[in-house]
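The values are calculated or read from the model by the stated rules, or taken from the named source; none is laboratory data. Predicted model, so just to flag it, every value in this text is computed and none were measured. Backbone-built Cβ (ideal geometry, glycine too); neighbour counts: all protein chains shown.
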Amino acid sequence: MRMAFFLALLFSGLLVCEVSFLWTWNNWIAAIPLLTIAGILVMQRIGIVEGAAWFFVLGIIRLDIISIVIAFIGPVLLVKLFSARSLYALLGLGLVAFGFGIVTLGVTHELVTWLKDSTVWKMSYSTLFVQEVLLVPGLFCGSNLVRWFERTIWSRIALKPLS
């Protein structure tokens, strides 16, 4: 219960930070996928179910195909391919899941454009490429931040186990 409350608070805080702070910049800072980085860290460090729920809710809030794809493919990747909890597994999970989401988004976009023959649905693939490039340093920094938090702050807070 406490972890669910903490994750909901973290999700809300990061969503507000990303929407109200990061997206106001006009340079590469606006392309930092903060909630995606945090979701991948949650999926690998806290739990697969919590991470999948994180991405599913993020996909519903943002109406984002990439997050929905990560919610479905991320658990499969963690169980079958990236089962180790190492930094390389974290970076591989992030790159493969986000890249597969971009490919799915591109195929879906081309299919919808072909079916509707509309130019209203223009996607900026350069922004998605910048997000893919910024994902790796973000995951590295986020992983180091989580380790520091666990070692220095979380170890000093004595929480009783539920059982």
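Of all the residues that make up segment 113-155, how many are in a loop (DSSP other than H, G, I, E, B) and either of a type in the set (Val, Ile, Thr) or at pLDDT 70 or above (or both)? Steps first, please.
Taking segment 113-155 as the starting set, the residues that turn out to be in a loop (DSSP other than H, G, I, E, B) are 117-124, 155.
Now narrow it down to the ones that are either of a type in the set (Val, Ile, Thr) or at pLDDT 70 or above (or both): 119-120.
The total comes to 2.
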Out of curiosity, is residue 52 aliphatic (A, V, I, L, M) and at pLDDT 85 or above? yes
Can you pull out the residues in segment 96-113 that are surrounded by fewer than 17 Cβ atoms within 10 Å (Cβ to Cβ), more than 20 Å from residue 139 (Cα to Cα) and not hydroxyl-bearing (Ser, Thr, Tyr)? 103, 106, 107, 109, 110, 111, 112
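Of all helices (runs of 4 or more DSSP H) completely enclosed by segment 1-95, which ones contain at least 2 residues that are surrounded by fewer than 20 Cβ atoms within 10 Å (Cβ to Cβ)? If you could, list the steps in order and put the result at the bottom.
Details: elements: 2-20, 34-41, 48-62, 65-80.
Where helices (runs of 4 or more DSSP H) fall fully within segment 1-95 and carry at least 2 residues being surrounded by fewer than 20 Cβ atoms within 10 Å (Cβ to Cβ), they are 2-20, 48-62, 65-80.
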From the list 66, 73, 102, pick out the single residue that is over 17 Å from residue 38 (Cα atoms), under 15 Å from the mean Cα position of the chain (by Cα) and modelled with pLDDT of 80 or more. 102
